[in-house]
Amino acid sequence: MEWTLVVGYLAAIIGAFYVLPQTVHVIRVGSSAGLSPLTWQLQVGASTGWTVHGFLTGQPNVWACNIVVLCCAAIILIVICRDRKLSWNVWVLSVLVAGALVTVDSVFGAVAYGMLIIVPMTVSMMIQFQALWVAPDFRGYSWFYNAFAGFTQILWLIYAFGNHEQAIQIGASATFILQMLCLGLYMVKRAGVQLPGVAGHKPAVPAG
């Protein structure tokens, strides 16, 4: 087995659980404060798309990893819905995103899929960044999730460039940059820096 495949399976093992810290955290603190519902709607749709992409391209490390991510993202979205008493029609967007990704991947191939997948991934992270920026209470947000996710994207990039997997090259690059921006913002807010548009901060609970 080539070393890039070893990295790919390592990325799958680690990546399968990169959303787990956020999942555990939001359940443990009993609050979805600081989380964006739209971010996790898009995450459910995107992870469904990646799961199918893994099957279509014969990459078990991709589909196995994303099945776990999909389950964790769905749990987080369920918690957000219950916490904020949102209608269950929030799942419609996830289904539409997944359907569009699977259709493009099946009809037009990996490059077209890679260009499309960055849309929900980028939008979801930008929305999360904005939600974290304005939230006076961000107890529901997990910094460890962000750091873990960033490390996972580095592994996926090594695997993708070594195996000429263009969809992952495009998606992982965009995701890594945005994850690091969110992590940096969290650290700034955790330090107590007053940001424009935020009335006041409640201390973030120690944790992951």
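Can you run the Rg to Rh ratio on the chain? Use alpha carbon positions and the Kirkwood inverse-distance Rh.
0.97
What nm distance separates the two modelled labels at residue 115 and residue 163, each placed 7 Å from Cα along Cα→Cβ?
2.4
For region 82-130, state the average projected area of the convex hull of the C-alpha atoms over all orientations, rounded to one decimal in nm².
Mean orientational projected area (region 82-130, Cα hull): 4.1 nm².
Carbon and sulfur atoms: what percent of the 1.4 Å accessible area of region 1-48 do they account for?
Carbon with sulfur: 74 percent of the solvent-accessible area.
If we restrict to alpha carbons, what Rg and Dmax does region 71-155 come to, in Å?
Answer for region 71-155, Rg first and Dmax second: 15.2, 45 Å.
Charges only on Cβ, +1 for Lys and Arg, -1 for Asp and Glu: so what's the dipole of the chain about the Cα centre, in debye to the nearest 20?
Dipole about the Cα centre, nearest 20: 760 debye.
In nanometres, what is the gap between the two model label sites at residue 71 and residue 3, each 7 Å from Cα along Cα-to-Cβ?
Reported label-point gap for residue 71 and residue 3 is 3.3 nm.
Which one, 62, 107, 19, has the greatest fluctuation when you compute a Gaussian network model over the chain with C-alpha springs under 10 angstrom?
Most flexible of the set in this elastic network: 107.
Among 79, 143, 29, flag the residue with its Cα farthest along the positive direction of the charge dipole of the chain, charges on Cβ as +1 for Lys/Arg and -1 for Asp/Glu.
29
With only alpha-carbon atoms in the gyration tensor, what are the semi-axes of the equivalent ellipsoid for region 2-85, in Å, largest first?
27, 14, 8
What does the charge count near residue 114 come to, summing +1 for each Lys or Arg and -1 for each Asp or Glu among other residues with Cβ under 13 Å from its Cβ?
Residues close to residue 114 contribute a combined charge of -2.
Quick one: which residues, 5+ away or cross-chain, put their amide H under 5 Å from the amide H of residue 31? H built at 1.01 Å from N.
Hits under the 5 Å cutoff: none.
Under the 0.36 nm per residue contour assumption, what length would be gained going from the current alpha-carbon distance of residue 190 and residue 93 to full extension?
31.7 nm
Among 188, 114, 42, whose Cα sits farthest toward the positive end of the charge dipole of the chain (+1 at Cβ of Lys/Arg, -1 at Cβ of Asp/Glu, about the Cα centre)?
Result: 188.
Quantify, in whole percent, the carbon and sulfur part of the accessible surface of region 71-208 (1.4 Å probe; protein heavy atoms only).
With neighbouring chains kept in place, the figure for region 71-208 is 74 percent.
How much accessible area per residue does the chain have, counting only protein heavy atoms and a probe of 1.4 Å, in square angstrom?
With the other protein chains kept in place, the chain gives 44 Å² per residue.
The values are calculated or read from the model by the stated rules, or taken from the named source; none is laboratory data. Bear in mind the structure is a predicted one, so any value in this text is a computation, not a measurement. Cβ coordinates were reconstructed from backbone atoms using ideal geometry, including for glycine residues, and neighbour counts include every protein chain displayed. Heavy atoms of the whole protein, side chains included, go into the accessibility calculation; ligands, DNA and RNA do not. Shrake-Rupley method; radii C 1.70, N 1.55, O 1.52, S 1.80 Å.
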